[in-house]
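Working notes, structure below.
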């Protein structure tokens, strides 16, 4: 199972505990999380389902490349960290 | 006279109350959060607060008990595939996907539309809700106009709808003003739209485009609630008014000490009386000679008085954003909040002002709670 962790600063606005989900891409993993936490979607993705401008996602320590389609590959042992980019202040 | 006022700021929403003869801060909600807009809907006593999180996007919250409890409701969402206009300053630029970047205006529908809200956004979409903000629909009839692709940002990267005027006697008649996209009017509840900006003038365009109605930068537009054919516009390079329902606009030149500014308020019963907050000019956005003043005209802009009693007479660098000047239903009480967190109120139409706070965060929107 893929481990998905969200920045603790999100807790100020809504509950988003760490999740273990399945998936082969970042998109699939996030969609699995949104199935149970639909409100979280709008905090991470914009109107066109792209990663928000000032958010950043790390997979196993590397920032993802595809911020539009979130097609970066993941393995069952991957750890995904959804964080704030400091460009957003 | 109003006894409550709401202030949206860079660091939260403040609610103030009048007690005996002074105004005090009663509540501070969303501390530290960027609140771009506030609306108190007197039809059902709901307050709406639009938040703009730097990282997590735009959110909308509502409260039915004066702020004791808030619930997050829906925000306008641009439909899949919606595109912004191509960047006019980049050759062969591809249109970029549209996504909500700011709730810039929020207004109730008419009294015959109890759950209706209108929302003006950046990047230029007008949205409608018929369930108190639980869901929103993009007004396609305005978004799909080919003229929309000629709009451009004024002070923001993208165009935005900052003023929504719902006709007080006919709620199907709505006028919106856009930076920079002129004034658009519907008379059929948003089914069709007509640009009604003839007479506005843009100094920032080449001479042959200066009177193009579709590129005018109205900073703020207000409508007389009792004589709704009368509107005022504080424009990027001047002050304009119409007395024929926006069929034609006339430039007025009597506003002192400057015709540059963002905000305008119109007297609720006397449409020829209006207030402005002048700055030097677009390239120097500070009060003229460091004196923070309010301008008031009572003759439709032919002449004006400079109101300064109680306002900073020197070393003021306050600018008042377009939504940060409001007037109550009597026309006596006005409130004004500045970019440097100063907040003043007058209870005599501007003849004298009292300083309520000098230490608020940058102020985006000031609104009296009206009955």
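Can you classify the range B:4-368 as rounded, prolate or oblate using the Cα gyration tensor, where a ≥ b ≥ c are the square roots of its eigenvalues, rounded means a/c under 1.5, and otherwise it's prolate if a/b beats b/c and oblate if not? The shape class here is rounded. Can you compute log10 of I(q)/I(0) for the range A:2-88 with the Debye formula, treating each Cα as one identical point scatterer, at q = 0.10, 0.16 Å⁻¹? Result of the Debye calculation: -0.20, -0.54. When the alpha-carbon atoms of the range B:251-371 are used, the pair Rg, Dmax equals 13.1, 39 angstrom. Here residue B:284 and residue A:18 are evaluated by their C-beta separation; at R0 = 41 Å the FRET efficiency comes out at 0.20. Expressed as a whole percent, the proportion of Cα-Cα pairs in the protein assembly as shown lying more than 34 Å apart is 35%. Quick one: among B:278, B:76, B:257, which has the greatest mean-square fluctuation in a GNM of chain B with alpha-carbon springs under 10 angstrom? Highest fluctuation among the options: B:257. Note: relative contact order over the range B:17-107, using C-alpha pairs below 8 Å and six or more positions apart, is 21 percent.
GNM remark for chain B: springs join alpha carbons under 10 Å apart, and the peak mean-square fluctuation among B:166, B:336, B:139 falls on B:139.
Over chain B, Cα pairs under 8 Å with separation of 6+ residues give a relative contact order of 12 percent.
Averaged over the residues of peptide B:43-55, the number of Cβ atoms from other protein chains lying within 10 Å of each residue's Cβ is 3. Gain on full extension, evaluated as 0.36 nm per residue between residue B:317 and residue B:330 minus their Cα-Cα distance, stands at 1.7 nm. Checking the a/c ratio against 1.5 first, then a/b against b/c, what shape does the Cα gyration tensor give for the range B:25-77? Because a/c hits 1.5 or more and a/b fails to exceed b/c, the range B:25-77 counts as oblate.
Only helices enter this figure: runs of n ≥ 4 DSSP H residues, each worth -39500 (n - 2.57), summed and divided by the residues of chain B, yield 0 deg cm²/dmol at 222 nm to the nearest 500. Whole Å is fine, so just give me how far the alpha carbon centre of the range B:310-334 lies from that of the range B:65-105. With the range B:310-334 and the range B:65-105 each reduced to a Cα centre, they are spaced 29 Å. With neighbour counts taken as other beta-carbon atoms within 10 Å, the residues B:258, B:22 rank, fewest first, as B:22, B:258.
Of all the options B:72, B:283, B:147, the one that moves most in a Gaussian network model of chain B with Cα springs shorter than 10 angstrom is B:283. Counting other Cβ atoms within 10 Å as a rough exposure proxy, the listed residues A:16, B:284 run B:284, A:16 from fewest neighbours to most.
For residue B:80 and residue B:134, the difference between the fully extended length at 0.36 nm per residue and the C-alpha to C-alpha distance is 17.5 nm. Expressed as a fraction of 2.2 N^0.38 Å, the rule-of-thumb size for a compact globular protein of N residues, what is the C-alpha radius of gyration of the range B:1-92? For the range B:1-92, the normalised Cα radius of gyration is 1.40. Estimated from the Cβ-Cβ distance and a Förster radius of 22 angstrom, the FRET efficiency linking residue B:42 and residue B:19 is about 0.55.
Look at the Cα gyration tensor of the range B:67-226: its axes a ≥ b ≥ c give a/c of at least 1.5 with a/b at or below b/c, and that counts as oblate. Remark: relative contact order (the range A:2-88) = 38 percent; criterion is Cα-Cα distance under 8 angstrom and separation of 6 or more residues. For the pair residue B:169 and residue B:209, a Förster radius of 35 Å applied to the C-beta separation gives a FRET efficiency near 0.45, rounded to the nearest 0.05.
All of the numbers you see were taken from the coordinates with simple rules; none came from a lab. Treat the numbers as computed from the prediction; the structure is a model and nothing was measured. Reconstructed Cβ throughout: ideal geometry from the backbone, glycine too, with neighbour counts over all protein chains shown.
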